[in-house]
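The values are calculated or read from the model by the stated rules, or taken from the named source; none is laboratory data. A quick note: this is a predicted structure, and the numbers were derived from the prediction, not measured. Using ideal geometry, Cβ is built from the backbone for each residue, glycine included, and neighbour counts are taken over all protein chains shown. Keep in mind that these areas ignore ligands, DNA and RNA; they rest on the heavy atoms of the full protein, side chains included. Shrake-Rupley method; radii C 1.70, N 1.55, O 1.52, S 1.80 Å.
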Amino acid sequence: MSLELGCNRCLLFAVCAHLFFLLPLLRTRVFAVNVVAEGAEDKTELLGLQKSEKGGKITKISRELKEIVFIIQSQSNSFHSKRAEDLKRDILEQAADLGKELPTVLLTHQIGGHEGAWTILPLMRDFSVTYGRNSSWIFFCEEDTRIQVVKLLETLGRFDGSKEWFLGKALYDEESTIIHHYAFAENPTAFTFPDFAAGWALSIPLVNKLAKKLKSEPLKSDFTIDLKHEIALYIWQKGEGPHLTPVPEFCTDDVNSHQADHCATTFSNFLPLCGEPVKKEDIFVAVKTCQKFHGDRIPVVKQTWETEAALIEYYSDYADVSIPTIDLGIPNTDRGHCGKTFAILERFLNHSSPRTPWLVIVDDDTLISIFRLRKLLSCYNPDEPVFLGERYGYGLGTGGYSYITGGGGMVFSRVAVQKLLASKCRCYSMDAPDDMVLGMCFSGLGIPITHSPLFHQARPMDYPKGYLSHQIPVSFHKHWNIDPVKVYFTWLAPNKEESLNGKKVGHNREDL
């Protein structure tokens, strides 16, 4: 055999061997292209391959995480800020694992010290200026939203970021109520708005449009009551802007649920518990009432949640020994009850045990679970000035302040009451709205409002079923056109199946 023939055989053998080792890699590459071309959910799409809508061609794109700005709707209270920081860390760790450039992750309570940052819309101009050129999406989420970053990138990649998009999990009113401003009263189901717990997203072109509109037309409403609905209504702009586009991958399924496999977002839906529940004796409950309601509202309290409270007093304009009620010497008013509330605060500070760290003030038509409140309060430090409940806003587009709406219940740490009464902030009239005056006072003291969606100013029927489905509520308010005792035992009564870790349990919740 000649030397030339031997060399040729060696060369042929080397080429065949090389092809043998390359073949699996080539198969993998072809398989990856085919998977993407078929629209399968695979990381190869995120690494640069996507099916073109025109002609079915595979085109290379760059869906970098740096094009998404994450906004966590956070709070400055130590418990909530830690949860938000934990979520931020998780997002950045997922990004680092992907080998991508780290995205921007912001916490709303840290943005410029803006009192109204939690209402989102006042931030649009800053978002537009800072991120309007180099980003594609602003993605909003709550501190308990859990995000699968790869899946989120894939989901947003289905939408053309150069167009105006408003994405989220859709909620709708089954009937119009005051908290929704009676929008679409004739057909409330026709208008949808996002469930913040599932996360929601705005494309940058829409952010820029909103920023421009806000510059020329400031927000008209003085009140922020149901933020998710109000944001959707403002974006819709009477038909000139986009409706919410429902995104199936934005979910509120429990993170451990098998149903969450398809989700880009999930939600930690449980009642927070941070150790042992607060003792009954650590919560003083004050019920505001008046003589005309002694016969109908007070019996409801006694049939439902009164036995959950170790320390409870009823404050009225008439001393009724059968209840009993305490007359604070404050006449009843048909409007606000600022005078009565401040009298209760002073009585708590001066006549209750100084070892009682928490005060709860409720109306006589408030339905509340003290059992669940004890769990919730285990997460808050009573040595901090805490003012907790359902948050509303007044005039936040032009300064203003946040406040805890009274009907759902107002929770104070003793330290918060001490700081309030040590100040000179008081009612401007005896019949001023107590919750708004308290919000104004605490704002002036630099004490932030702490919001919990588990407190409710209205009845269960006033909220979308999808919104309540991932909650273990602490309170509801009002007895209008309902059986309040039935509502309590359906929604709020302690359930034997409720585990100590506060995980969600099933309830036979009828339409009430």
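Can you pull out every residue in region 105-138 that is open to solvent by 50 Å² or more (accessible area, probe 1.4 Å) and either out of contact with any Ser or Thr (no Cβ under 8 Å at 6 or more places or on another chain) or free of Cβ contacts under 8 Å to residues at least 60 places away in the same chain (or both)?
Initial filter on region 105-138 (open to solvent by 50 Å² or more (accessible area, probe 1.4 Å)): 109-110, 112-115, 125-126, 129-130, 133-134.
Hits for region 105-138 are Gln110, Gly112, Gly113, His114, Arg125, Asp126, Val129, Thr130, Arg133, Asn134.
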Region 264-278 - residue that is of a type in the set (Gly, Ala, Ser) and over 14 Å from the mean Cα position of the chain (by Cα) and, of those, most open to solvent (accessible area, probe 1.4 Å): Gly275
Can you tell me which residue in region 322-333 is farthest from the chain's Cα centre (by Cα), limited to those that are open to solvent by 50 Å² or more (accessible area, probe 1.4 Å) and within 17 Å of Val301 (Cβ to Cβ)? Ser322
Exactly one condition in (1) over 30 Å from Glu154 (Cβ atoms); (2) touching a residue at least 60 places away in the same chain (Cβ under 8 Å) is false for Ala232; which is it? (1)
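Run down Leu454, Leu388 and say which single residue is farther than 24 Å from Ala185 by Cα, part of a strand (DSSP E or B) and either modelled with pLDDT under 95 or open to solvent by less than 40 Å² (accessible area, probe 1.4 Å) (or both). Steps first, please.
Values: Leu454 fails: part of a strand (DSSP E or B).
Among Leu454, Leu388, only Leu388 is farther than 24 Å from Ala185 by Cα, part of a strand (DSSP E or B) and either modelled with pLDDT under 95 or open to solvent by less than 40 Å² (accessible area, probe 1.4 Å) (or both).
In region 149-207, which residue that is acidic (Asp, Glu) and closer than 25 Å to Leu123 by Cα is surrounded by the most Cβ atoms within 10 Å (Cβ to Cβ)? Lay out the reasoning, then the answer.
Start the filter on region 149-207 by keeping residues that are acidic (Asp, Glu), which leaves 154, 160, 164, 173-175, 186, 195.
With closer than 25 Å to Leu123 by Cα added as a condition, the list becomes 160, 164, 195.
Numbers: Asp160: 12, Glu164: 17, Asp195: 23.
The qualifying residue surrounded by the most Cβ atoms within 10 Å (Cβ to Cβ) is Asp195.
Residues are listed down the side, and each one gets a yes or a no for (1) at pLDDT 95 or above; (2) touching a Phe, Trp or Tyr at 6+ places or on another chain (Cβ under 9 Å); (3) of a type in the set (S, T, N, Q); (4) in a strand (DSSP E or B):
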| site | (1), (2), (3), (4) |
| --- | --- |
| Val36 | no, no, no, no |
| Glu41 | no, no, no, no |
| Glu45 | no, no, no, no |
| Ser81 | yes, no, yes, no |
| Lys88 | yes, yes, no, no |
| Ala95 | no, no, no, no |
| Glu101 | no, no, no, no |
Which ones in region 132-145 are part of a strand (DSSP E or B) and under 11 Å from Ile72 (Cα atoms)? Ile138, Phe139, Phe140, Cys141, Glu142, Thr145
